[in-house]
Amino acid sequence: MVYLLQKFAFVHANVHNHFSLKRHLVDRDTYKQRRSAALAEWQILASLAAARKARVASRGERFALD
């Protein structure tokens with residue numbers, strides 16, 4: 001159980017830091033560009049994870065994030 005909580009905290013921290021752009025420190029256009037770039041990167045990572053999960057499932061193995 002502790003391992004799962006540690007894993008969740010690790011993933012949550014990375015995702016939060018990726019999208020936490022400190023809006024009050026940059027102008028609107030810069031913020032929008034950075035936000036769009038972060039979202040595009042997240043979509044790429046999510047699609048890669050989904051493809052990996054599908055590939056593992058097709059082989060009948062259990063999917064793990066490790």
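The values are calculated or read from the model by the stated rules, or taken from the named source; none is laboratory data. Nothing here was measured: the structure is a model prediction, and the numbers come from that model. With ideal geometry, Cβ positions are generated from the backbone for all residues, glycine too; neighbour counts draw on all protein chains shown.
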Close pairs from region 2-30: first in contact (Cβ under 8 Å) with a residue 24 or more places away in the chain, partner exposed (fewer than 11 other Cβ atoms within 10 Å of the Cβ), Cβ under 9 Å, at least 6 apart:
Lys7/Leu65; Lys7/Asp66; Val11/Leu65
Tally the residues that are in a helix (DSSP H, G or I) and under 15 Å from the mean Cα position of the chain (by Cα), restricting the search to region 8-33.
12
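Results for (1) modelled with pLDDT of 80 or more; (2) surrounded by 11 or more Cβ atoms within 10 Å (Cβ to Cβ), shown as yes or no for each residue.
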{"residue": "Met1", "(1), (2)": "no, no"}
{"residue": "Asn14", "(1), (2)": "no, no"}
{"residue": "Ala37", "(1), (2)": "yes, yes"}
{"residue": "Glu41", "(1), (2)": "yes, yes"}
{"residue": "Ala46", "(1), (2)": "yes, no"}
